[in-house]
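Structure first, then comments.
The values are calculated or read from the model by the stated rules, or taken from the named source; none is laboratory data. The structure displayed is predicted, hence computed values, not measured ones. Methodologically, a virtual Cβ is constructed for each residue, glycine included, from the backbone with ideal geometry; neighbour enumeration extends over all protein chains shown. Accessible surface areas use protein heavy atoms only, side chains included; no ligands, DNA or RNA. Shrake-Rupley method; radii C 1.70, N 1.55, O 1.52, S 1.80 Å.
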Amino acid sequence: MPCGAPTLDPRGRHHLCTCGAPLLARYDLGRARAWSRESLAGREPNMWRYRELLPLFDGEAPVTLGEGFTPLFHARSLGASIGLDRLFIKDESLNPTNSFKARGQSAAITRAKYLGATTIALPTAGNAGNAASAYSAAAGLACEVFIPKDAKRPFVDECRLYGANVTLVDGLITDAGRMAAERGGPLGWYDVSTLKEPYRIEGKKTMAYELAEQLQWTWPDWIVYPTGGGTGMVGMWKAFDELERIGWMNGRRPRMVSVQAEHCAPIVRAFQQGTEKAEPWEGATTIADGLRVPRAIGDFLILRAVRESGGTALAVSDRSMVDGMLAIGAHEGVSAAPEGGAALVAIQRLVADGVMKRQESVVLFNTGGALKYLDVLR
Ligand SMILES: *Cc1c(COP(=O)(O)O)cnc(C)c1O
């Protein structure tokens, strides 16, 4: 624990550290050195193929809907159109419930189940709520979702499809979070808010494990990632460290690019100002629901990953995100959420500015699919 608090027992229920910071899961990496890359051959194509470094005790079975091991496409046509020979799309839209949020909820709800939780609760902009609802159903647990009332309709409906109880909140995701905690605290609900329990990030980190495996154990030069709460960035950074320590990967880590929306860019502003933490963003608005996070509890971890990797952070307009969605769709036949569109716009700008070079390998994370956002095309 960076604050000096003692290590906690993983068989207990933990949310935040006593100092208020997120908790991270640690493994016996010395023991994990005996685990070999070759052992992966023949394992099921989902994220639990890396179970040696995921939060499962011997004899436990994960709550799974087949999440992870999403394809990594070489986007030749899209790459050529913007001046890159090696542009890849990691297509997270192909996860259950259409976004990479499935990975985090699979891990968090697996642990919640074994810790004896009966009700899962969370605030959400949409995708996390859909994933939590689905995995709660798969685990046989109840689910309470708190969602801003201006959220897109398909997100609300899909929570109900999986039997969750939905509360519409007059405010932002931060207000929804407050309400979930106030209602659920006394009732013992298990809170799976972003980084308020240690296991969602464990699911998210598998994106980096897969990338390494799919690129034959080499790192790309760049990873471009649309950032809201930051679990994806923080999770992948943690995975780099683990993969190095167990001896599976070495060499220069990818440069991490954090992409945000012009009218909700707390991480970009903090990156530019050189601060360690990010001030909350006032009046956050964007069509990319996953990016509408005015205050990220793991802000300092995101900023650390971006800086230590030699990466950068940049904000793009809502209008340009839609153009990005259309370009990804038309060139590659891939269904991209505005967040994925935002990542493309950031890449275009970095290529135009000469920061990214034609021959460098670039991975665009398409964190979710377009279907729940199709209203933005109108
Ligand atoms: C939640 C979400 C994000 C942001 O994710 P973090 O890793 O928490 O920053 C990006 N894109 C989509 C589609 C999302 O649902």
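Per residue of the range 362-375, what does 6.51 cos²θ - 1.76 cosθ + 1.60 with θ = phi - 60° give for ³J(HN,Hα)? Whole Hz please, x for Gly and Pro, Karplus curve as stated.
So the Karplus estimates, Gly and Pro as x, are 10, 10, 8, 8, 8, 6, x, x, 7, 3, 7, 10, 4, 4 Hz.
Filter the GluC sites (Glu not before Pro) in the range 251-344 down to the DSSP loop ones having no more than 15 other Cβ atoms within 10 Å, then list what survives.
In loop regions of the range 251-344 (DSSP not H, G, I, E or B), the sparsely surrounded GluC sites (Glu not before Pro) are 276, 282.
Label 7 Å along Cα→Cβ of residue 52; the range 225-249 residues with amide nitrogen under 18 Å?
Taking a point 7 Å out along Cα→Cβ of residue 52, the residues of the range 225-249 whose backbone N falls under 18 Å are 239-249.
Among the chymotrypsin sites (Phe, Trp or Tyr not before Pro) in the range 5-100, which ones are in a DSSP loop with at most 12 other Cβ atoms within 10 Å of the Cβ? Mind listing them?
Sparse-neighbourhood loop chymotrypsin sites (Phe, Trp or Tyr not before Pro): 57.
Using a basic spin-label model with each label point 7 Å from the Cα along Cα→Cβ, how many nm lie between residue 150 and residue 43?
4.4
Using unit Cβ charges (K, R positive; D, E negative) and no other charged atoms, how large, in debye to the nearest 20, is the dipole of the range 301-378 about its Cα centre?
Here the size comes out at about 120 debye.
Based on the Cβ-Cβ distance of residue 179 and residue 330, what FRET efficiency does E = 1/(1 + (r/R0)^6) give at R0 = 41 Å, to the nearest 0.05?
0.50
Please report the carbon-and-sulfur percent of the accessible area for the chain; probe 1.4 Å, protein heavy atoms only, DNA, RNA and ligands left out.
Answer for the chain is 50 percent, counting heavy atoms of protein chains only.
Please work out the Cα center distance from the range 1-55 to the range 244-262, rounded to the nearest Å.
Centre-to-centre (Cα) distance: 18 Å.
Using +1 at the C-beta of Lys and Arg and -1 at the C-beta of Asp and Glu, which of 352, 142, 302 has the Cα lying farthest in the positive direction of the dipole of the chain?
302
Starting from the 7 Å offset along Cα-to-Cβ, what nm value, one decimal, do you get for the label separation of residue 269 and residue 15?
2.7
7 Å from Cα along Cα→Cβ at both residue 81 and residue 323: what's the point-to-point distance in nm?
Distance between the two pseudo-spin positions: 1.2 nm.
Before rounding to the nearest 500, sum -39500 (n - 2.57) across all DSSP H runs of length at least 4 in the chain and divide by the residue total; then give [θ] at 222 nm in deg cm²/dmol.
After summing the helix terms and dividing by the residues of the chain, the value is -11000 deg cm²/dmol.
Using unit Cβ charges (K, R positive; D, E negative) and no other charged atoms, how large, in debye to the nearest 20, is the dipole of the chain about its Cα centre?
My answer is approximately 380 debye.
Starting from the eigenvalues of the Cα gyration tensor, five times each then square-rooted, give me the equivalent ellipsoid semi-axes of the range 17-108, largest first, whole Å.
The three semi-axes for the range 17-108 are 30, 18, 16 Å.
Which FRET efficiency, nearest 0.05, do residue 375 and residue 160 yield, Cβ-Cβ r, R0 22 Å?
0.70
Near residue 325, within a Cβ-to-Cβ distance under 14 Å, what is the net charge of the other residues, with Lys and Arg +1 and Asp and Glu -1?
Charge balance in the 14 Å sphere: -4.
Return the sequence-ordered ³J(HN,Hα) values of the range 279-294 in whole Hz as given by the Karplus equation 6.51 cos²θ - 1.76 cosθ + 1.60 applied to θ = phi - 60°, using x for Gly and Pro.
5, x, 8, 7, x, 5, 9, 5, 6, 8, 4, x, 9, 8, 10, x
Starting from 0.36 nm per residue, how many nanometres of slack lie between residue 36 and residue 214 once their C-alpha separation is accounted for?
62.5 nm
Going toward the positive end of the dipole of the chain, with +1 on Lys and Arg Cβ and -1 on Asp and Glu Cβ, which of 239, 122, 329 do you reach last?
Checked the options; the winner is 239.
At q = 0.06, 0.14, 0.15 Å⁻¹, what log₁₀ I(q)/I(0) does a Debye calculation on the Cα points of the chain give, no solvent, two decimals?
Log10 I(q)/I(0), no solvent term: -0.20, -1.22, -1.43.
So how much slack lies between residue 115 and residue 27, counting 0.36 nm per residue of separation and subtracting their Cα-Cα distance, in nm?
29.8 nm
Quick check on my link table: of 152/238; 101/196; 238/277, which ones sit more than 26 Å apart, alpha carbon to alpha carbon?
152/238
Roughly how many Å² is the accessible area per residue of the chain, as a whole number, for a 1.4 Å probe?
Accessible area per residue: 40 Å².
Please list, by residue number, every one of the chymotrypsin sites (Phe, Trp or Tyr not before Pro) in the range 195-294 that is coil in DSSP and has at most 15 other beta-carbon atoms within 10 Å.
217
List the residues, sorted by chain then number, that are 5 or more residues from residue 361 or on another chain and whose placed amide H is less than 5 Å from its amide H.
Placed amide hydrogens put 221, 222 under 5 Å from residue 361.
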